[in-house]
Structure formats: C-alpha cells, structure tokens
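Below: the structure, in structure tokens.
Values quoted throughout were computed directly from the atomic coordinates according to the rules given, and no laboratory measurement underlies them. Source: prediction; values computed, not measured. Note: ideal-geometry Cβ built from the backbone for every residue, glycine included; neighbour counts use all protein chains shown.
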Ligand code: GLN
C-alpha cells in the first residue's frame with residue numbers, strides 16, 4: 001500500500017511519531033500522481049517542487065519541536081483550481097484564465113499554508129464550477145477512478161477523483177449547488193459543504209456568491225473534522241464569513257448516536273432515483289438505527305422547486321460575477337478594432353458553451369421586465385425552502401437522504417442534454433438554497449460504483465453531521481474501499 005492511501009489522522013500520527021517524514025509522504029503522493037494521473041486526469045497543474053520544499057520545511061519544523069496539535073503539518077493536499085494560489089496558475093479550468101497567476105492566496109489556502117500543508121497542485125473542475133461531471137472543463141474531462149469510462153461528478157471532480165485514487169491525502173473543493181457532495185458520492189469519498197458563512201470565500205473565484213462554499217474531500221469523517229478545524233472562522237476579507245466561535249469538530253465524534261433524531265425526507269426518494277442507490281441508502285438508515293438513532297419519515301414539499309429556483313439565482317449571480325473577465329485584467333485577450341469588440345472577442349473565445357449559457361440565462365432573468373417574474377420570485381421560493389428545512393429541524397437533528405439520484409454516469413452520456421445534467425443535483429441543491437451544512441459519505445456500491453449517503457444538518461451544526469457520518473463509518477467499511485486502478 002502506498003503511503004498516499006493514509007488518512008490525515010493516520011499520517012499525522014506517523015509523522016508525529018517520527019515513523020515517516022513529510023518528504024516520504026509527499027514523494028509517495030507524487031509517485032501515485034505520476035503512475036495514475038495520465039488516466040485519471042485529476043490535476044490541471046502540478047507543483048512538485050513547491051510540495052517538496054513545503055515537505056522539507058514541515059520536517060524541519062517537526063524536528064524543531066513543532067507539530068503538537070497540528071495534524072495538517074506536512075500532509076499533502078490538492079486544491080480545486082477555483083481557489084487562488086500565490087504564484088501558482090489558477091485557471092478555473094477556463095481558457096480565459098489559462099495563464100492567470102494570482103499574486104495572493106485566498107483565505108482557505110492561506111490557512112492551510114500557515115498550518116504547514118503541502119500543496120501538490122490544482123485540480124480540474126467544470127469551467128468556473130458550472131457543471132456536474134467535470135466535462136465542462138476547458139481543458140479535458142477527469143475520469144472516475146472506479147471506472148475510467150465514467151465521470152467523477154462535478155464540478156469539483158478533480159478534487160474528488162484525486163482523493164479516491166490516493167493522488168493526495170485530502171483536497172479542497174467548492175459547493176454552490178452540490179459540487180462537493182455529488183462528486184464525493186460518485187467517487188466514493190467523504191465530502192462536506194459547511195454552513196454558508198463558515199469558511200471565508202476570499203480568494204475563491206466567485207460563481208454564485210449567495211451560495212458558494214468551500215469544503216474538504218477526505219477519506220473519512222474524522223479527517224473532515226480536522227480540516228474544518230483549520231478552515232472555519234471569521235475573516236475580515238469576506239463580510240459573509242460568520243464570527244461565531246468555531247468548535248473543535250473532532251470532539252464531536254463521539255462514536256454513538258444515542259437519541260439522535262434522523263428525518264428521512266420522502267421527496268428525496270422520488271422517481272428518477274436508481275433502485276441500487278435507494279437500496280444502499282435504506283440499508284444505511286438501518287445501520288444508523290442500530291447505532292441508536294431514531295429514524296422517521298418527513299416531508300419537504302418544495303424540494304421540486306429548488307432546482308428551478310437555483311437555475312435562476314445561480315446564473316443571475318454568475319452573469320454579474322463573470323463580467324470581470326473582459327480580457328483587460330486577467331491576461332487572456334483577443335485583438336479587435338475597438339474596446340467593445342475586444343471584450344466580445346475575448347469572451348467569445350475564452351468561455352465555453354455552458355458558461356455562456358449561464359451568462360445568457362442570468363442576464364435575461366435580471367433584465368428589466370423579467371426581474372420580478374424570475375429573480376424576485378425565485379428569491380421568495382428560496383425563503384420557503386429554507387422555512388421548510390427550519391420546520392423539519394424542529395423535529396429532527398439531521399436529515400438523511402441519497403446524495404445523487406444515480407451512480408457515476410458514462411462520459412458523454414449527458415453532455416448534449418443540459419437538463420439531464422442539471423438533474424444530477426436535484427438532491428443537493430436544496431441544501432445550498434437554505435445555506436445548510438451537508439455531507440456525503442460512501443454507503444455501498446451499485447453496479448460496482450459508489451453510492452453516497454447525504455447527511456444534512458441545522459445551520460452551524462456541522463458537529464452533528466460529522467458525528468453521524470463518523471459513527472456510520474465506525475460501523476461500516478465502505479469508506480475504506482478503493483477502486484482497483
Ligand atoms: N452542478 C451545479 C451547477 O452546474 C452545481 C455546481 C456547483 O456546485 N459549483 O451549477
């Protein structure tokens with residue numbers, strides 16, 4: 001077994017005990033990438049020299065007595081390429097940012113750096129995080145390590161695939177409408193989107209600002225807790241980051257579920273759900289029950305409207321956010337006879353088809369005469385969705401459901417049918433609309449491909465979400481299964 005198969009908590013223990021060095025661990029991850037990434041294609045940019053330099057610095061810091069209580073020190077991580085990194089190209093998997101090298105780190109990246117993380121590189125994603133399969137990357141699709149002919153999910157497909165293939169120890173992704181949880185489900189890894197406001201988005205290239213959240217992909221829930229400990233908390237550079245105290249998430253992992261009330265929203269088991277996915281999720285509910293949880297049905301009737309609402313609000317915000325890519329400020333530029341011609345030529349050549357579709361949709365729903373009918377109405381529906389969740393959380397501590405209605409689909413299967421692709425997130429998007437924390441953990445295989453179990457919590461109650469996920473992982477070993485690559 002490669003050292004790169006270790007979890008963060010396993011690696012931290014071996015590093016602290018002096019049994020391995022960060023240079024050894026990093027070298028193992030780089031070797032794995034070397035062996036596999038030509039087939040998986042999880043990475044857009046690799047930074048082996050930086051990684052080894054950070055690994056040597058981590059080893060030196062440990063030798064100097066540092067490291068106690070620093071589980072991320074010297075542990076290799078992969079970063080979704082929408083997170084800006086000082087001195088390292090950040091493309092958003094878009095041609096328009098192909099040669100953009102930021103001069104600063106985003107806050108999440110800076111927090112990892114200051115805790116001694118080792119940066120392996122930047123991972124592929126759907127262009128500007130718009131998609132559910134990573135096929136919308138402006139460069140190349142990423143392949144699911146469980147079956148290279150299938151997609152890894154998206155938009156954070158490279159980050160999910162890198163963890164599944166042991167091409168890193170953990171990774172960061174972003175989730176605007178499911179882009180951490182859905183790829184985590186399809187790749188058989190653990191992924192958590194924290195509550196909106198938990199993690200600063202400063203230095204995250206914005207897609208839909210009222211929805212975007214950063215979160216980790218890990219090999220288990222314990223690692224997710226450790227990474228959240230490092231990432232969460234107020235940041236003056238992002239006014240939406242919340243000043244609440246950040247608990248020690250690892251302390252929430254009690255290993256039991258005594259008295260935890262689990263709601264099962266019936267709308268999440270509607271038509272379109274693959275039977276193999278439903279079977280695995282129902283089986284998982286029994287495991288939770290045996291561990292002491294009290295499981296009961298509930299209803300979230302507005303679920304159906306979440307997707308429609310999302311495809312008004314998210315494109316509206318995207319159309320505004322992406323206005324900055326005009327060829328003047330970020331390097332990629334096409335010549336024309338006047339400035340408007342230059343903007344047009346740059347955006348025509350630099351953006352892919354899905355990004356253009358979102359900009360057109362978003363501009364339309366914000367335009368005079370349509371704003372009230374679409375955007376304003378969507379915001380009202382969004383409030384209703386949130387109120388329904390609030391009511392459910394009066395009865396339940398968490399809600400549990402499938403993450404994705406299907407297992408990984410074949411590359412190319414949905415590329416000509418945007419609506420079919422959008423439906424991939426029908427069970428994850430409501431959580432973003434309400435700003436809640438949601439996690440996906442592996443709960444079995446269907447046709448040999450991983451199934452994700454989604455655990456949704458109250459706002460700012462990641463602790464219970466993690467506790468449920470961790471307890472499930474104490475009872476099962478689906479999270480330890482690895483694809484045969
Ligand atoms: N798949 C959804 C979309 O295409 C969600 C993407 C995301 O969460 N970044 O917009």
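Details
- Put the Cα centre of segment 17-50 next to the Cα centre of segment 98-155 and the gap is 15 Å.
- Three-way shape call for segment 360-426 based on the alpha-carbon gyration tensor, with the a/c threshold at 1.5: oblate
- Cα→Cβ-extended label distance, 7 Å offset, between residue 477 and residue 297, nm: 3.6 nm
- Sorted by Cβ density within 10 Å, fewest first, the residues 385, 169: 385, 169
- FRET efficiency estimate (nearest 0.05) - Cβ-Cβ, residue 240 to residue 35, R0 56 angstrom: 0.85
- Highest mean first, the peptides 473-479, 404-410, 425-431, 135-141 sorted by other C-beta atoms within 10 Å per residue fall in the order 425-431, 404-410, 135-141, 473-479.
- Where labels lie 7 Å past Cα in the beta-carbon direction, separation of residue 60 and residue 357 in nm: 5.0 nm
- Full-extension gain in nm, residue 52 to residue 148, via 0.36 nm per residue minus C-alpha separation: 31.7 nm
- Counting 0.36 nm for each residue step from residue 345 to residue 283 and taking away their Cα separation leaves a gain of 17.0 nm.
- Of the residues 73, 257, the one with the fewest other Cβ atoms within 10 Å heads the list, and the complete ranking is 73, 257.
- Counting other Cβ atoms within 10 Å as a rough exposure proxy, the listed residues 433, 237 run 237, 433 from fewest neighbours to most.
- Modelled spin-label separation between residue 416 and residue 1, with each label point placed 7 Å from Cα along the Cα-to-Cβ direction: 4.5 nm.
- Shape category assigned to segment 193-233 from the gyration tensor of Cα positions, a/c cut at 1.5: prolate
- Note on residue 308 and residue 335: the extension gain reaches 5.9 nm, defined as 0.36 nm multiplied by sequence separation minus the Cα-Cα distance.
- Relative packing of 186-192, 55-61, which averages over residues the other C-beta atoms within 10 Å, highest first: 186-192, 55-61
- For the chain, alpha-carbon Rg over 2.2 N^0.38 Å: 0.91
- C-alpha center-to-center spacing [segment 248-269, segment 360-438] in angstrom: 23 Å
- Kirkwood-based Rg to Rh ratio, segment 72-167, C-alpha trace: 0.98
- Three-way shape call for segment 336-485 based on the alpha-carbon gyration tensor, with the a/c threshold at 1.5: oblate
- Percent RCO, i.e. relative contact order, over the chain, from Cα pairs under 8 Å lying at least 6 residues apart: 18 percent
- Once the Cβ-Cβ distance of residue 394 and residue 254 is raised to the sixth power relative to R0 = 22 Å, the FRET efficiency obtained is 0.45.
- Peptides 45-52, 411-418 ranked from most to least packed by the mean count of surrounding Cβ atoms within 10 Å: 45-52, 411-418.
- Averaging 1/r over every pair of different alpha carbons in segment 133-193 and inverting the result gives a Kirkwood radius of 10.9 Å.
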